[in-house]
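Comments concern the structure below.
Read the figures in this text as sums done on the coordinates, not as results from a lab. Small disclaimer: the values here were computed from a predicted structure and weren't measured. Counting neighbours? That spans all protein chains shown, and the Cβs are built from the backbone with ideal geometry, glycine included.
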Amino acid sequence: MATVSRIRSSLSVFNKILRSNSQLSPPHPQLSKGFSTSSVQKEQKVKVPLALFGGSGNYASALYIAAVKTNALEKVESEILDLVEASKKADTYFQFTKDLSVPAETRVKAINEICTQAKFSDVTKHFLVVLAENGRLRNLDTIAKRFVELTMAHKGEVKVTVTSVIVDPSILGGLVVEFGQKVFDMSIKSRARQMERQDDLALAYNLERDSAGCSTAP
């Protein structure tokens, strides 16, 4: 919670930074070197536990590699999720990330200020700077979700989705549990369907038996 509070406080620097474009310095050219989307294929020492595709998957994989190599996976995950959570309640930040007309150097300076005040690790800071440089801050939420997929796979964890009648009245009762590619349907709706199928099969069997009996009668 302390980190989230620091982030929320630091988000207020946007208004000041957005008014001082003329004083900004260009982003450091080396910051993006370790986080280019093509670097995922070049890294051989750290194996990504899941194959993720698309731009968000490449960025998430690059962040995973950098975090693992610096033994900061849990810290980076916490920082990224804290920023995503805090940004949802900051209208200025939300508009800032969506507005591609904002100069890259403005985005970089703002992110540097936030990371400094929030006391983010260098890995997280450099990664966010790259997103700012490339106009990808608007995709942070999606990238964060893909990154969590990698951290869960790294820990051997599996995402489980449980559906109950409270969130889906159509199942009538019971539970539907999904994890990985498997689904365990223990809902009343599913049981009712099974009973209907059994009744249909029994009826069809009886009709066939009766029909066979009639055809063999003298």
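Annotation: amide H of residue 187 within the under-5 Å range of 175, sequence separation 5 or more or interchain, hydrogens built in the peptide plane.
What's the ranking of 85-92, 166-173 by average number of surrounding C-beta atoms within 10 Å, highest first?
85-92, 166-173
Take the residue pairs 88/145; 45/88; 98/145; 88/182 and return only those whose Cα atoms are more than 26 Å apart.
On the way: 88/145 15 Å; 45/88 36 Å; 98/145 18 Å; 88/182 33 Å.
In this structure, 45/88; 88/182 lie more than 26 Å apart at Cα.
Calculate, in whole percent, how much of the Cα-Cα pair population of the stretch 76-173 lies beyond 16 Å. For the stretch 76-173, the share of Cα pairs beyond 16 Å comes to 62 percent.
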